[in-house]
Amino acid sequence: MKDTENARKIPSQARSRATLDIILEAAAQLLESVGESGFNTNALAERAGVSIGTLYRYFPDKQSIIAALARQEKAAFEKAVETVLAGETGGLARDRAIIRAFLHAFSDRTEARRLAVTALYANNDPRDLLEGYEAVQGAFRDADGQPLSRVTAFVLSRAVQGAMRAAVLEGADFLLSQEFEDELVRLGRAYLGHPTRPRGA
């Protein structure tokens, strides 16, 4: 069963949506501060300022809460990528802006992110998690300005995504470092035959 079937209530009103957002933000804070071993519904209800009954109206257990947090952050990343592809890169090169959006997801809460991503991959078909990446792959060109072939796009995207995902799941202490970001950018550009730019560009 997919984790999308675990939520007991899909909020349809603004007030319910706000309550859900408060619960998920509190979940991220709690996971970051105490880890999974200290994460339970009673502690979450207290931190979120809601009753345990309210919490159970939305979620049947703590795993469904973690999975919902992961889905929320995945959606936020996809929205950030859409913004970059529309030309709003904040002065960064497009490839770097996309990589930075991924690296700094979850408001830089690395432990909460590790647990959420683990839950996401445990409860979903990996092919479903890749939906939306086609637009990213289609936005890149090789050194000759040509669109990437299907195979080239696959190899490039899995190489970069794989390195980022491994850093998240392994709890790498360099996940948020400039050096790691630079190396991911360099990997992509070198593979596509682009000249190396100064670090940070």
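Looking at (1) touching a Leu at 6+ places or on another chain (Cβ under 9 Å); (2) assigned to a helix (DSSP H, G or I); (3) farther than 28 Å from V160 by Cα, can you tell me which one S16 breaks?
Against the list (1) touching a Leu at 6+ places or on another chain (Cβ under 9 Å); (2) assigned to a helix (DSSP H, G or I); (3) farther than 28 Å from V160 by Cα, S16 comes up short only on (1).
With respect to T196, is the statement that it is modelled with pLDDT of 90 or more and over 19 Å from the mean Cα position of the chain (by Cα) true?
Judged against the criteria, T196 is not a match.
Which residues, taken from the range 82-93, are more than 16 Å from F180 (Cβ to Cβ), surrounded by fewer than 19 Cβ atoms within 10 Å (Cβ to Cβ) and of a type outside the set (D, E)?
Correct list: T83, L85, A86, G87, T89, G90, G91, A93.
Give me the residue from the range 126-162 that is modelled with pLDDT of 90 or more and among the β-branched types (V, I, T) and, out of that set, nearest to E88 (Cα to Cα).
This residue is V160.
Filter the range 178-201 down to residues that are assigned to a loop (DSSP other than H, G, I, E, B) and among the charged types (D, E, K, R) and give me whichever is nearest to V117 (Cα to Cα).
For the range 178-201, the residue satisfying everything is R199.
Being surrounded by 17 or more Cβ atoms within 10 Å (Cβ to Cβ) and assigned to a loop (DSSP other than H, G, I, E, B) is the filter here, so list the residues in the range 37-78 that pass it.
Residues satisfying the conditions are F39, V50, F59.
Residue by residue through the range 142-154, note down the ones that are outside any helix (DSSP H, G or I) and of a type in the set (A, V, I, L, M, F, W, C).
A143, L148
Kindly indicate whether E170 is of a type in the set (D, E) and either touching a residue at least 40 places away in the same chain (Cβ under 8 Å) or closer than 19 Å to L115 by Cβ (or both).
yes
Going by the conditions given, is A18 surrounded by 20 or more Cβ atoms within 10 Å (Cβ to Cβ) and either at pLDDT below 90 or not basic (K, R) (or both)?
Spelling it out, it is not the case that A18 is surrounded by 20 or more Cβ atoms within 10 Å (Cβ to Cβ) and either at pLDDT below 90 or not basic (K, R) (or both).
Residues in the range 106-125: is at least one within 25 Å of F180 (Cα to Cα), at pLDDT below 80 and in contact with a helix residue (DSSP H, G or I) (Cβ under 6 Å, 6 or more places away or on another chain)?
no
For the range 155-177, which positions are surrounded by fewer than 16 Cβ atoms within 10 Å (Cβ to Cβ), outside any helix (DSSP H, G or I) and of a type in the set (A, V, I, L, M)?
L176
Being farther than 26 Å from E25 by Cα, of a type in the set (K, R) and surrounded by fewer than 12 Cβ atoms within 10 Å (Cβ to Cβ) narrows it down to one of R96, R127, R141, so name that one.
From the options R96, R127, R141, the qualifying one is R127.
The values are calculated or read from the model by the stated rules, or taken from the named source; none is laboratory data. This is a predicted model, so every value here is computed, not measured. Methodologically, a virtual Cβ is constructed for each residue, glycine included, from the backbone with ideal geometry; neighbour enumeration extends over all protein chains shown.
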